[in-house]
Amino acid sequence: MVLAVEWLDQPNRMIRLIDQTRLPDELTYLDITTVDALVDAIATLAVRGAPALGAVGALGVVVAMLQGEAKGWDSAELDTQVDRIRDARPTAVNLAWGVDRVRPVMAYGVEAVLVAALRVVEEDSAANRELSRLGADWILRQTGREKVRVVTHCNTGALATTAWGTAYGIIHELHDRGRLDMVYADETRPLLQGARLTSWELTQDGINHVVQVDGAASSTILRGLVDVAIIGADRITANGDTANKVGSVALALACQRAGIPFVVAAPSSTIDLDTATGDLIVIEERDSTEVTSFGGRHTAPADAVGFNPAFDVTPHDLISAVVTEHGVVEPGTTPHPQLLAQIAG
């Protein structure tokens, strides 16, 4: 099991991250001891995935406090630096949640904050295991198949969490039960996180899979080649709308047409009951050159302008099930304002 996020006390007190921009070619690490380095790692997607960002947010407050002690920051400067971590990715709610979870403990000192942050890490790992069990049970009941064929989008495995995974965790659970036939892994724009990261994890875990371009996913579903789509989420609003990597909503539309389940799996910390609907989610836009070039070379005319939203929103009525560690709800069939409160913890 790879660990995308770790806290180390030796040789220095720091966060150790897998540099996911270097996968699958190199497994290398970033040792984070400053707020600047952490914000850069978040912005460049060296660390990504909603649950992992929650852990990084919590541990990042420890890093800020240690740096503040060394630099002599006053309380106002420390708050500014903690806010920089909190606001580094606007779409994913878990980053802000992780910061906010430990921020009230700052008055008791850095060691108390570290204890609280490590609790966030431990809870995420346990939550991933439980939601994977619940999700696998639900999918097997709904599909009625001995072995399930799955399509998934982006990366939701151990690399996106503190351990095990969310949507990928369900896939891994099905595999361990001998109930998984095949996985279609979308390559996933931007930065090919499905091709680079999900395929890497599937390969490490010995899981039968193919990588497909994002544009093939809807056809794969409509051709009857899969039985269920399983994705993660970066934010789930009070009415059950979900934000995930751009391209997710296309899978949901195809699943509705094909009559197969579309499942969203995420820890309860991803549920944002303070945001009413997906219309209110800020959609992060990345550098347009990621669309108009590849490997440093233009793939479009030099003066072409790219449009590069990193996320899209899937309306709740397209979602068959939302799975957290606290249970499963079906927002597409039983929508009401308090539905997700049942599994928000």
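Overview of results
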| quantity | calculated |
| --- | --- |
| Using alpha-carbon coordinates, inclination of helix 50-71 to the longest axis of the chain, degrees | 10 |
| Over the chain: helical MRE at 222 nm, DSSP H runs n ≥ 4 each giving -39500 (n - 2.57), nearest 500 | -11500 deg cm²/dmol |
| Degrees separating the helix 93-102 axis from the principal Cα axis of the chain, which is the longest one | 40 |
| Spatial separation of Cα centroids for segment 253-291 and segment 1-77, in angstrom | 25 |
| At R0 = 25 Å, FRET efficiency that the Cβ-Cβ distance of Glu69 and Asp287 yields, to 0.05 | 0.10 |
| Per-bin percent of Cα-Cα distances, segment 59-183 [10 Å] | 12, 33, 24, 17, 10, 3, 0 |
| Net charge over other residues, Cβ less than 12 angstrom from the Cβ of Lys71 (K, R count +1; D, E count -1) | -4 |
| Residue among Glu187, Glu173, Glu123 with the largest mean-square fluctuation in a Gaussian network model of the chain, springs linking Cα atoms under 10 Å | Glu123 |
| Inter-label distance for Asp79 and Thr333, nm, one decimal - labels placed 7 Å from Cα along Cα-to-Cβ | 4.9 |
| Angle between the chain longest axis and helix 75-86 axis [Cα atoms, degrees, rounded to 10] | 20 |
| Cα-centre dipole for the chain with unit charges at Cβ (Lys and Arg positive, Asp and Glu negative), debye to 20 | 840 |
| Size of charge dipole - segment 46-150 - debye, nearest 20, with Cβ of Lys, Arg +1 and Asp, Glu -1, no other charges | 740 |
| Percent RCO, i.e. relative contact order, over the chain, from Cα pairs under 8 Å lying at least 6 residues apart | 16 |
| Chain lengthening between Arg223 and Glu146 when straightened (0.36 nm per residue, less Cα-Cα) | 25.7 nm |
| Protection-proxy order for peptides 269-275, 75-81, each taking the mean of Cβ atoms within 10 Å per residue, highest first | 269-275, 75-81 |
| Percentage relative contact order, segment 5-123, counting C-alpha pairs under 8 Å, at least six apart | 24 |
| Computed label-point distance, nm, for sites Asp303 and Thr28 using a 7 Å Cα→Cβ extension | 3.8 |
| GNM top mover of Ala112, Ala252, Ala185 - the chain, alpha-carbon springs below 10 Å | Ala112 |
| Theoretical gain in end-to-end length, Ala126 to Asp9 [0.36 nm per residue, Cα-Cα removed] | 39.8 nm |
| Candidates Arg257, Arg149, Arg86, ranked by Gaussian network fluctuation over the chain, Cα under 10 Å, top entry | Arg257 |
| Pairwise FRET efficiency - Val115 versus Leu253, Cβ, R0 = 51 Å, nearest 0.05 | 0.70 |
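Throughout, read-outs are computed from the coordinates displayed, never taken from laboratory work. These numbers were taken from a predicted model, which means no experiment stands behind them. In this analysis, Cβ positions are derived from the backbone assuming ideal geometry, glycine residues included, and neighbour counts consider all displayed protein chains.
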